[in-house]
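Asks: Before I ask anything, here is the structure I am working with.
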Number of protein chains: 4
Amino acid sequence: MTQGGVRKLQVAIAGLGRMGARHALHFLERVPRAELVAAFTPDANERAWAATRLAPWGVKLYDDYDEMLKHSGLEAVVVATVTTVHAEQAIKAIDAGLHVLCEKPLSTSIELSQSVVTAARRRPQQKVLCGFSRRFDASYRDAFARTSDGHIGRPSVFRSQTCDKLDPSGFFVAYAAFSGGIFVDCSIHDIDLALWFFGPESRVKSVSAVGITAVQPGLREHGDVDNAVGIVEFWEGRIAYFYASRMMAAGQHDMTEVIGTEGKITVNGNPQTNLVELSEATGVRREIPPDYYGRFGEAFVTEANEFTAACLDKTELPFKLSGAVRAVQIGVALQESLRSGTKIFFDETGKRVEQAKL
Amino acid sequence: MTQGGVRKLQVAIAGLGRMGARHALHFLERVPRAELVAAFTPDANERAWAATRLAPWGVKLYDDYDEMLKHSGLEAVVVATVTTVHAEQAIKAIDAGLHVLCEKPLSTSIELSQSVVTAARRRPQQKVLCGFSRRFDASYRDAFARTSDGHIGRPSVFRSQTCDKLDPSGFFVAYAAFSGGIFVDCSIHDIDLALWFFGPESRVKSVSAVGITAVQPGLREHGDVDNAVGIVEFWEGRIAYFYASRMMAAGQHDMTEVIGTEGKITVNGNPQTNLVELSEATGVRREIPPDYYGRFGEAFVTEANEFTAACLDKTELPFKLSGAVRAVQIGVALQESLRSGTKIFFDETGKRVEQAKL
Amino acid sequence: MTQGGVRKLQVAIAGLGRMGARHALHFLERVPRAELVAAFTPDANERAWAATRLAPWGVKLYDDYDEMLKHSGLEAVVVATVTTVHAEQAIKAIDAGLHVLCEKPLSTSIELSQSVVTAARRRPQQKVLCGFSRRFDASYRDAFARTSDGHIGRPSVFRSQTCDKLDPSGFFVAYAAFSGGIFVDCSIHDIDLALWFFGPESRVKSVSAVGITAVQPGLREHGDVDNAVGIVEFWEGRIAYFYASRMMAAGQHDMTEVIGTEGKITVNGNPQTNLVELSEATGVRREIPPDYYGRFGEAFVTEANEFTAACLDKTELPFKLSGAVRAVQIGVALQESLRSGTKIFFDETGKRVEQAKL
Amino acid sequence: MTQGGVRKLQVAIAGLGRMGARHALHFLERVPRAELVAAFTPDANERAWAATRLAPWGVKLYDDYDEMLKHSGLEAVVVATVTTVHAEQAIKAIDAGLHVLCEKPLSTSIELSQSVVTAARRRPQQKVLCGFSRRFDASYRDAFARTSDGHIGRPSVFRSQTCDKLDPSGFFVAYAAFSGGIFVDCSIHDIDLALWFFGPESRVKSVSAVGITAVQPGLREHGDVDNAVGIVEFWEGRIAYFYASRMMAAGQHDMTEVIGTEGKITVNGNPQTNLVELSEATGVRREIPPDYYGRFGEAFVTEANEFTAACLDKTELPFKLSGAVRAVQIGVALQESLRSGTKIFFDETGKRVEQAKL
C-alpha cells in the first residue's frame, strides 16, 4: 500500500510472544514507511491478543507460518518466534524471496546459524538482518563513532555485562533447556559489541569462563548457571571480558566500558529509569529499568526503521549477517569452557588447539 | 481516512518553523491514530521544505490559514505559528468547529490568552489544549504521581529553571521584542509546573524578580534580560522560585526540585544527552542536550498522541486550558516586577494590593 | 611548649558544646603546630567531658572565661560559645593581646559585629579570624581558583543553599529566639561565599526574601521560618539567590552554583556520605551526611591549621575580618525583608533608599 | 614521651620514598597517640628531605636500619622501604621485640611472606600489620558492615579493579623487574578485599588470567603487562574477577562491586577528586584523583592511628597477618597464569591439581 505517493514496505511478523508483540506494535505504529500486513503465531492466546490489537488495523492473522509467507504482496518477515525455529523460519522466508529481520541468536547451534548466512548469500538482493538491538542504540552508536574517530586511542580492553533483574518465578530455569546457556542467551549481545568495537576481523586466541548458581541450583541440570564471568583473548592484543547475571536486585543493568590507550568510554555506567531522583529519609535514590526493553526500547524502533529503509531503498544494512555466526561461535565456546572448567585455545587461523600458543 | 477498521483523526498544522516542522513530523510519523492532511505556512521556504517532506505523504499545503480551515474532513488544528497570532488562529479554529492544540503561550497578553479560554468554553465538545510539553514528559509525570501519592509529604518549596544554551547569534535579542520577556517565554513552563504540583487553585500572594544582562546588553531595549531570578509566594504557605537563563555554556538545562515536608523529588538534576560517559586526560565528561527538543522530544510525541486520543475518544485532556491563562498572568507579573524593580502583592482574592499583607 | 625545635602555638578554647568540642579535638589532635593548653566552659556537663577527654593531655579546664585568658603563655583563643557572647569574648581576648578564631557569626547584631572588627583594627599584629569554614573547604577552594582563573568567564549568578536535615526534636524552634533568624544563622555561609566569589567590594542594590513554616509553626513567634528563599541584587550586575531549609529528609545538603558568562561551577550538586552506592530491590541509593560536620569536617581542621600557621608565621589570614560584618548586614537585611514582606533597596553608596533605583 | 598524662607510642620509620615520606608525616602530624622518634633511609636525598621536614620535630635520622632498631625506647617500626627488603626488615624488627606495620606486599615471594607470619607467631604480644590500606577506608568499611549485616544476601560475585593513571615516564617498566608483576603489585589489594568480603577461609578452585601490553611493550621482558584481567573461582561457589591497568587517561580508578543474592554494593563507581563539577562548552566534567593517595590518603591515616591504638592498648588488629600470605599466593598464581597462558586448578584442600575438578 502507499500513502500519498509513498510506498510502504509490506511486513509480516512471526511470533507474538513478549518481544514479538513489541516488534508487531513497532511496525504497526512507529515505522512510517512500513505497513504491518500479516502476523503468525501458533499460540491461541497470542492470536486472541492480536485479534484485538492488530487485526482492526488490517493485519491478517495466521496460525501457519508457511501460509503467511504466501500473503499477497508480502515483502519482509520479522522472525520473533522461539530461538529453536529462528533459523528454519528465516531460511524459508529467504527462499520465498523475502527480506528478513531475525531475532538474535540465529540459532544456539553454530551450524544452523551458518545455514542462515549461506541462504542469505544466495539472495544478495534480499536484506537479512540479525536483531542485535544494541547496534541501533543511540548511546552505543555515539560511543562507536567516538571510538572510530580515535578519541580513546586504540581500543584495547572491553568490559561488558548483561545483567537481568532476578525473576523469582524461576522462568529462566525451564528456559535454560533451550537457551543455549547464559553466554549464548545473554552475553551474545556483549560478544557482538566486542566484535563491533574491536573489528569483525578480530581473531580469538583463547576463551575461559566460570560460573555459579547463586540463586537457581536447578540450572545445573542444563549445564547452565545464573552468574558467569568469561574472558576472550584476541590475537590482536586485545581482551574482552564479560559478566552475565540473572539475579540483579534493582533491575536490568547492561553496560559496557571500552578502554583505549588514550581514554575510556562507558555506556550506561549508571542506569536509570528516567530523570527522577528521590531524596528520602533513607538517602537519595533512583530506580532502574526492570528489563532490557526498558533500556533498549528505542533501539528496537530504530532497528525496525532502518531495516525498512534498507529494504525499500536497496541500501546496505548497518552490519553484516556473518558477524551473528561469529558471536554464536564465541558464545558457544564460552559456554563450553564454563561447563568443562577448561580454557579453550585457538591459533591465528582460528583452528582450535590443545594448549596456549604464546 | 481509516486503516483497516481504525478511524484516524484528520489533522492540519499551522506554522512550519522549527517547532512547527517537528509537530508536523510527529503527526505524520509517530501518531498512529492521526493522519496529517494539511499544513499552512506563510513562509515560502517552509513551504518548499513541506513540498519535499510532507506533500509526498498526501499532505496538502496552504499559504492561507483560513483556506486551510476549510480543508474537507478536517477535525483538528495544531497552532505552531509565531506567538503573536496563536490566539487569533486558535479562536478561528475553535469557531470552525475544530479541536485545537495550541503551542504555548496562548499569548503574551493575559486578555488575549483569556479570549481563547472563553472561545473554548463556548464549544465544550471540542478539545483545546495548550502545549505545555513538560506535562507530557515521563519523568515529570513520574514525579507528579509520587508527589500525589504523598511520597514527599506536603509539597512546600518548588524550584525550577529553564536555561538555554548560549546562542552566540544573539537571535533572542531581536526575538525579545515579541517574546513577552524571559519569564513569559522561558519560565512559563516552570510556572505551569508549579501550578501543577501545588494545585491549580493556588493563590499568588506576591511576586518579585530581578535580572541582569550578562551577555546581551541589547535586551535592555526590550525591557528584557538574559538571566533572571523570580520568587512567587502563595497564600497556601508555599514558595516557588525560578531561574531562567540564555547563557548556559554546556547546553540546555531545564530542571525542577519539589521539596516536601518529608522528602524531595528532583527532575533532571544531572542533565545528559545519552548514556555515554567519557574518561579523558581532562577527567570524566558527559555531554548535555543542546536545546529543549533534545530534552523534551519524546514529550511532544506523547502530547500529540494524547491530544489525538482525547479528540477521537471524547475523553478528558490531562489538564485544563484555564491554567494556561494563570501561567501567563504570573509570568507577566514577574516580568513587570523585573522591569520596575518592585515587589508586587495580591490579597487572598487575587486582587492586586499596594503592600504586603502578612 | 616545643617539640624538638618546633615552637607550638599555645591555644585555649572557649565553649565545649557540639562545635566547641570538635574545635578542641582538632587543636588537640590534628593541628601539629598548636598545643591546646586550656579550655573554658560554663557548663558542668561539658567540663565533665573535658576532664576525661582533654585534661589527660595536659589541658587545663576553666569555668571562668576571664581567668582562662590569664593562662600563662596563652597566645590564641578559639571562641565557640553561644553566639550571644561571641563578640564580647572575642573583644576581651583581643584586648588581652591574643589571636582569636571566632565562630560565625561574630554577632547577630551588625553593631556588635562591627565592634569586633574595630577592636581587631587596634591590634593589627594579632590575627582575628571569623570561622567561615566553607572558605577552607577543598572543593570551594578549587571552585574559587578556577573562577579566578577566568574559567567560567565573569561570575554573574550565584545560587547557594544551606539545608539541614529535619531535626524532629524541634530544637531549632527554641534556638530561633537567639539565632538571628534563618538567614543570619544558615544563609550567612552562602552570603559569605557570594561575597567571596563576586568580590568583597560588591555593593548590594536590593534584597528580598520570603519564607514559610512548613513543619514548625512555632517559629513564627520568633519571626522565623523553616524554609526561606532570598535574592540579593548587586550594583555590579550580579545576582545571588539563596535557599535555606530545616526540613531535608535525607540529610544535610549545602551546595552552590556559580554561573558565569562562559561556564558554570557546581560544588556538591550530588551530596554523598562516602563512595558507597547500594543497589537494592527499590533501586540504586546512596546516603548523604546527616549534618554540616559530615560535609565540612575537614574544612574545620584546615581552618585550625591555617589559623595556627598565620599566628606563628605572622602571615596573612586567607580573608579579611571585615567581610564577616558585611555578611551579617546582608543576612539581617534578608531577615528583615522576610519578616516585613517588603523588598529593601540600597543606592550605589550603600545607603538604604525607599524605592528601586533602576 | 608523654603529653600530660598520655603515653605516646615511640615509632620509627624505615624508608622515606614517596609512600614512606607520607607515612612519616602521618605519624608525625596526624597520629596523636604516636611520637615519631626515628627514621631510616639509605638514600641521601631522602635524608636531606628528612633533615628539613622531620628532624626539627625531634626525629633522629639513621642511615643504618639495624642501628635504628636500637633507638632508645623504640616500640614500633613502619617498614616502607622497597618491597625486596620488606620481609627481612620486618622480621628483624619483630625479633627486636618491636611492633611492625609493614607496607604491602610482605614480599613477592610466598615463602618470604610466610616467614614474616612465622616470625610474628613467635611473638604473639607484638602487633604485626600488613598495610592493606583499603581495609581502613571508610567506604570499604561501610560496604563491609552492610555486607556482614546481610544487606545484599550472600556475596557471590566480586569485581574489583586497580587502575593507575598512565605514567608516560614509563617508570613502571623498570619497576616491573622487582614488582612481582601487575597482579602482585596492583591486584594484591583487590585480592585482599575479595578475601575480606568472601571470608578468609575461602578456598581457591581455579585461577586464570590474560594480559596485554597496550602501551608498554617493554614490560614483556619482565613477564609483565600493562592491562590484565584475572578470574579466581572459589570452592564455596563464589567468583572474584579483577582488572588491573597502568594506562588510565583520566586518573586513578580503583573500584569494587560486591554482588550478592539480594543486592549489590559498589565502592567508588564514579571516582572524583572533590565535589566540584564543571559545566563547559564541551559538557559537564569532573576530575579524578591522579594517584592512589588521592583516593586512599585518609585510609593511611586511619591505618596509622589504629595500629598505634592496638599497640598501646594491647587490642586486636582489625585483620590477621596470615591473610597477607594468602593474597600473595593468589597474586602469584594469577601472574603465573598470565605468563603461561594456562588455567591453574586447586582441589578442595588447596593442593594444586592438573585439571579442572568439577
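The values are calculated or read from the model by the stated rules, or taken from the named source; none is laboratory data. Just so it is clear, the structure is predicted and the values come from calculations on it, not from any experiment. We place every Cβ from the backbone using ideal geometry, glycine too, and count neighbours over all the protein chains shown. Just so you know, the surface numbers come from the protein's heavy atoms only, side chains and all, with ligands and any DNA or RNA stripped out. Shrake-Rupley method; radii C 1.70, N 1.55, O 1.52, S 1.80 Å.
Asks: Counting only the backbone N, which residues of the range A:202-246 are under 13 Å from the spot 7 Å out from the Cα of residue A:352 toward its beta-carbon?
Replies: It comes to A:207, nothing else.
Asks: Where Lys and Arg each count +1 and Asp and Glu each count -1, what net charge lies around residue C:17 among other residues with Cβ under 11 Å from its Cβ?
Replies: -1
Asks: With every protein chain left in place and a probe of 1.4 Å, what is the accessible surface of residue C:148, to the nearest 10 Å²?
Replies: Counting only protein heavy atoms, residue C:148 exposes about 80 Å² to solvent.
Asks: From the phi of every residue in the range D:185-193, what ³J(HN,Hα) in whole Hz does the Karplus formula 6.51 cos²θ - 1.76 cosθ + 1.60 yield, where θ is phi - 60° and glycine or proline is x?
Replies: Whole-Hz 3J(HN,Hα) from phi for the range D:185-193: 7, 9, 5, 3, 5, 5, 4, 4, 4.
Asks: Can you give the convex hull volume per residue for the Cα atoms of the range B:291-358, as a whole number of Å³?
Replies: 139
Asks: While we're looking at this one, here's another question. Determine the shielding of peptide C:250-259 by partner chains: average, over its residues, the number of Cβ atoms on other chains within 10 angstrom of each Cβ.
Replies: Counting other chains' Cβ atoms within 10 Å and averaging over C:250-259 gives 3.
Asks: I would also like to ask the following. Checking the a/c ratio against 1.5 first, then a/b against b/c, what shape does the Cα gyration tensor give for the protein assembly as shown?
Replies: oblate
Asks: Okay, next question. Just the accessible area for residue B:130, please: 1.4 Å probe, Å², rounded to the nearest 10?
Replies: Residue B:130 exposes around 0 Å² with every protein chain in place.
Asks: Take residue D:339, project a point 7 Å from its Cα along the Cβ direction, then tell me which residues of the range D:63-92 have their backbone nitrogen under 17 Å from it.
Replies: Backbone N within reach: D:84.
Asks: Check each residue of the range C:135-182 and keep those whose accessible area, probe 1.4 Å, is at least 20 Å² smaller with all protein chains in place than in the chain alone; give them in order of residue number.
Replies: Those residues are C:139, C:142, C:146, C:151, C:156, C:157, C:159.
Asks: Every other copy gets compared here: list the nm distances from the residue B:123 label point (7 Å along Cα to Cβ) to its counterparts, shortest first, one decimal.
Replies: Output for residue B:123: 5.2, 8.1, 9.5 nm, nearest copy listed first.
Asks: Something else now. Can you give the angle from 0 to 90° between the axis of helix B:322-340 and the longest principal axis of chain B, with both taken from C-alpha atoms, to the nearest 10?
Replies: Result, in degrees: 50.
Asks: Let me see the pair-distance distribution of chain B: every alpha carbon pair, 20 Å bin width, integer percents in order.
Replies: Reading the bins upward from 0: 28, 58, 13, 0.
Asks: Which pairs, out of A:264/B:264; B:60/B:92; C:104/C:165; B:264/B:351, put more than 23 Å between their alpha-carbon atoms?
Replies: In this structure, A:264/B:264; B:264/B:351 exceed 23 Å between Cα atoms.
Asks: Just how many % of Cα pairs in the range C:133-279 lie over 26 Å apart, if you round to the nearest whole percent?
Replies: Counting every Cα pair in the range C:133-279, those more than 26 Å apart make up 30 percent.
Asks: Quick one: in the range D:24-141, what % of C-alpha pairs are over 25 Å apart?
Replies: 23
Asks: Determine the shape class of the range C:80-182: with a ≥ b ≥ c the square roots of the Cα gyration tensor eigenvalues, call it rounded for a/c under 1.5, and otherwise prolate if a/b is greater than b/c, oblate otherwise.
Replies: Oblate, because a/c is 1.5 or more while a/b does not exceed b/c.
Asks: What do you reckon, how do B:84, B:261 stack up by accessible area (1.4 Å probe), largest on top?
Replies: Putting B:84, B:261 in descending order of accessible area: B:84, B:261.
Asks: Mind checking the dipole of the range C:106-211: about its Cα centre, +1 per Lys or Arg Cβ, -1 per Asp or Glu Cβ, Debye to the nearest 20?
Replies: For this selection, approximately 440 debye.
Asks: Sum up the charges of everything whose Cβ sits under 9 Å from the Cβ of residue C:280, counting Lys and Arg as +1 and Asp and Glu as -1, but leave residue C:280 out.
Replies: My count for the surroundings of residue C:280 gives +2.
Asks: For the range C:32-89 and the range D:161-214, what is the centre-to-centre distance using only Cα atoms, to the nearest Å?
Replies: About 50 Å separates the Cα centre of the range C:32-89 from the one of the range D:161-214.
Asks: Using a 1.4 Å probe, what is the accessible area per residue for the protein assembly as shown, in Å²?
Replies: 35
Asks: Report, ordered by chain and residue number, the lysines lying within cross-link reach of residue A:314, taken as a straight Cα distance under 19 Å and ignoring same-chain residues fewer than 8 apart.
Replies: Cα-Cα hits under 19 Å: A:8, A:127.
Asks: How far, in whole Å, is the nearest Cβ of chain A from the axis relating it by rotation to chain B, and which residue carries it?
Replies: A:30, 3
Asks: For residue D:64 paired with residue D:6, estimate the spin-label separation in nm (one decimal), with each label point 7 Å from Cα along the Cα-to-Cβ line.
Replies: 3.6
Asks: From the Cα gyration tensor of the range C:214-358, with a ≥ b ≥ c the square roots of its eigenvalues, which class applies: rounded if a/c is under 1.5, or else prolate if a/b is larger than b/c, or else oblate?
Replies: In terms of gyration-tensor shape, oblate.
Asks: What's the total accessible area buried between chains D and B, using a 1.4 Å probe, rounded to the nearest 100 Å²?
Replies: Chains D and B together bury approximately 1100 Å².
Asks: What nm distance separates the two modelled labels at residue A:282 and residue B:174, each placed 7 Å from Cα along Cα→Cβ?
Replies: In this crude label model, residue A:282 to residue B:174 measures out at 5.5 nm.
Asks: What 222 nm value per residue comes from the helices of chain D, counting each DSSP H run with n ≥ 4 as -39,500 (n - 2.57) and dividing by all residues, nearest 500 deg cm²/dmol?
Replies: That calculation yields -11000 deg cm²/dmol at 222 nm.
Asks: Summarise the long-distance tail of P(r) for the range A:1-55 by giving the % of C-alpha pairs beyond 19 Å.
Replies: For the range A:1-55, the fraction of Cα-Cα distances above 19 Å is 25 percent.
Asks: How large is the Kirkwood hydrodynamic radius of the range B:78-137, counting all unique pairs of alpha carbons, in Å?
Replies: With all distinct Cα pairs of the range B:78-137 included, I get 11.3 Å.
Asks: What does the copy distance list look like for residue D:351, label position 7 Å along Cα→Cβ, in nm and ordered from shortest?
Replies: 3.8, 10.0, 10.0
Asks: Then there's this: So the label point sits 7 Å from Cα along the Cα-to-Cβ vector; using that for residue C:85, what distances do you get to the other copies, in nanometres, sorted shortest first?
Replies: Result, one decimal in nm: 5.7, 7.6, 8.8.
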